[in-house]
Each structure stands twice: as C-alpha cells, then as structure tokens.
Amino acid sequence: MKIDDHLLVADYVSQRQTPNKGNSFDPKYLIFHFTAGRGCQSSVDWLCSPQAKASAHLVVGRDGSITQLAPFNIVAWHAGKSCWNGLTGMNQYSVGIEMDNAGKLTKVGSKYRTWFQAEIAEDDVIQAKHKNESDMGFWHAYTDIQIQRANDLASLLVETYQLKDILGHEDIAPGRKNDPGPAFPLTNIHSGAFGRSDDTDDDYKVTVEGLNIRKGPGVEFDPVAPPLSLGTEILLLETKDRWSKVDVKGPNDIEGWVSNKFITSI
Ligand SMILES: [Zn+2]
C-alpha cells in the first residue's frame with residue numbers, strides 16, 4: 001500500500017467521497033475507532049449520508065478491504081468533543097480510521113449478542129477489561145487481516161505525515177467513548193509504527209487484562225493456568241505467526257502459549 005496525493009492506493013482500497021468533511025489540514029495524530037455497526041457497507045453508507053454529520057478517513061472491513069471517504073489532508077468528522085495534550089476538537093489534528101467491529105457484547109445464557117441483537121460466535125469474542133472501566137467485559141474480536149491492515153496503515157501514515165502519536169477514541173473522549181476497546185492491540189500497533197529501541201529483546205509484557213495462556217498455539221488448547229493480568233512480565237521462548245510460547249516471570253513456573261495480539265516488547 002502507498003499514499004499518492006493524500007489518497008491510499010492498493011488493490012483492496014476503494015474511494016468514495018463523503019460530504020461530511022471540513023477544511024484542509026496537516027494531520028499530527030492517528031485515531032482508531034470501532035464502528036459498532038452491522039457491517040462494513042452499512043457503516044460506509046451511514047458515514048457518507050449527510051444526516052450522519054459524521055465520517056472518517058478510512059473504514060477497514062473484516063475482510064481487510066478498505067474504503068477511503070476523505071483525503072488525508074481534509075478534516076473528517078470522527079472525534080467529536082475530544083481533547084489531548086492541551087488540544088481540543090481532535091478532528092482538526094487527526095486522521096480517523098474506523099474498524100468494522102460490533103464493539104462491546106452482552107452474554108445472554110451461553111450466547112454473545114451485539115447491541116443490535118446479532119449473535120457473535122464464541123471464537124470471535126474476547127473477554128477483557130477496558131482500561132477506562134472497572135469490570136471485565138465481552139468484546140467483538142478484530143480479524144487478523146484487519147489488525148495487519150491497521151499495522152500497515154499506522155506505519156505508512158506515521159512515516160508520510162510525521163505523526164506524533166497513535167491513540168484510541170477512548171483516549172481522547174474518555175467516559176463518552178469506549179472504542180476501539182481492549183480487543184484492539186493499540187500498544188503493539190504503536191510500537192510497530194514508532195519502532196522499538198531493541199528488536200532482539202525477549203522481555204515482553206501482557207497488554208490486556210485476563211490473557212489466556214494455553215497448552216498450545218490456538219484457542220482449541222486448554223489453559224495451563226489462570227489468565228494473566230495486565231502488565232504481567234513474560235519471557236519470549238518461541239514465536240509463530242499468531243502465537244508465542246512464553247515463560248511467566250515470577251515464583252510460579254508457568255510456561256504456555258499466548259496470542260501475539262496481546263503482548264508487547266518492554
Ligand atoms: Zn469512535
């Protein structure tokens with residue numbers, strides 16, 4: 001993927017202009033969101049309808065397809081009332097990316113439901129504590145290709161526009177917004193885009209509350225111990241595409257596999 005005249009270019013990118021946009025500007029931040037919507041097409045349609053009075057620069061579908069609704073040098077309306085680092089009204093300073101994801105789920109019996117009463121398969125559910133909330137909750141998982149696109153977009157946008165930081169809507173509008181939520185690996189994406197001081201370091205930590213540690217590299221393997229808490233320090237023993245074998249630091253001799261989405265290099 002590349003950026004040509006403030007437009008994203010790749011064979012999985014399509015362009016559709018939204019009327020919901022403002023002046024030209026020089027972006028300094030990247031803000032991630034979830035759509036909390038019924039699907040990519042309905043979210044794109046909504047963000048392109050004048051009555052929405054809302055938009056984003058990009059919408060990333062669960063299949064990895066991307067729709068661009070406004071050039072990166074034109075203000076889009078994704079942040080609303082928001083502030084960060086002394087700045088207010090973050091639309092004027094940021095590129096906004098919406099990820100197609102239903103958001104927070106409710107468990108009814110053994111089923112997981114979205115706010116619009118769609119059922120989500122258990123494999124697509126992550127149990128985690130939001131950093132701005134006190135209790136564990138259920139969240140719609142992002143797909144692997146969505147996370148890969150988010151990583152690639154973050155690196156490309158940081159490099160192209162010399163962005164200062166990558167944030168979630170929940171960071172700039174806490175209390176009012178909870179997206180992109182704990183299922184989104186924002187810490188990893190941040191490290192990937194801004195680089196690490198020592199790539200060969202094997203010291204990692206857990207970036208989510210309640211990370212399952214399993215007998216093998218997959219959700220089909222049973223846990224070997226209670227879930228790891230946020231910030232637990234681990235030593236990387238072996239890494240595969242999506243899973244890593246780790247040794248939990250501390251007095252208990254716990255070794256097992258964790259998802260790469262929820263660990264980051266220290
Ligand atoms: Zn948002």
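Observations on the structure shown:
- Across all directions, the average projected area of the convex hull around the alpha carbons of the stretch 199-266 is 4.1 nm².
- Solvent-accessible heavy-atom area per residue, rounded to whole Å², over the chain at 1.4 Å: 48
- Averaging the sequence gap over all C-alpha pairs within less than 8 Å and six or more residues apart, then dividing by the number of residues, gives the stretch 199-266 a relative contact order of 38 percent.
- Sequence-distant lysines (8 or more away, or on other chains) whose Cα lies within less than 20 Å of Lys104: Lys129, Lys131, Lys177, Lys261
- Separation between Cα centres of the stretch 85-138 and the stretch 163-230, rounded to whole Å: 14
- Within-12-Å neighbourhood charge of Asp135 [Cβ basis; K, R +1; D, E -1]: 0
- Over every Cα atom in the stretch 17-103, the radius of gyration and the widest Cα-Cα span, Dmax, amount to 12.2, 37 Å.
- In this simple spin-label model, placing a label point 7 Å from the Cα along the Cα-to-Cβ direction at both Asp45 and Trp115 gives a separation of 2.0 nm.
- Calculated diffusion of the stretch 97-167, Stokes-Einstein form, Kirkwood radius summed over Cα pairs, 10 °C and 1.306 mPa s, µm²/s: 113
- Calculated from backbone phi, Karplus (6.51, -1.76, 1.60) coupling profile of the stretch 114-122 in Hz, x at Gly/Pro: 7, 5, 9, 6, 8, 8, 10, 5, 4
- Among Leu230, Leu58, Leu47, the largest mean-square fluctuation in a Gaussian network model of the chain, built with springs joining Cα atoms closer than 10 Å, belongs to Leu230.
- Viscosity 1.306 mPa s, 10 °C: Kirkwood-radius Stokes-Einstein D of the chain over Cα pairs, µm²/s: 83
- Among Pro50, Pro251, Pro223, residue whose mean-square fluctuation peaks in a GNM of the chain (springs only between Cα atoms under 10 Å): Pro251
- Accessible-area composition of the chain, carbon plus sulfur, in percent [1.4 Å probe]: 48
- When the chain is treated as a GNM with alpha-carbon contacts under 10 Å, the residue of Phe221, Phe25, Phe194 showing the greatest mean-square fluctuation is Phe221.
- Rel. contact order, % - alpha carbon contacts under 8 angstrom, at least six apart, the chain: 16
The values are calculated or read from the model by the stated rules, or taken from the named source; none is laboratory data. This structure is a prediction, so every number in the text was calculated from the model and none was measured. Cβ: placed from backbone, ideal geometry, glycine included. Neighbour counts: every protein chain shown. Areas reflect the complete protein model, heavy atoms only, side chains present, ligands, DNA and RNA absent. Shrake-Rupley method; radii C 1.70, N 1.55, O 1.52, S 1.80 Å.
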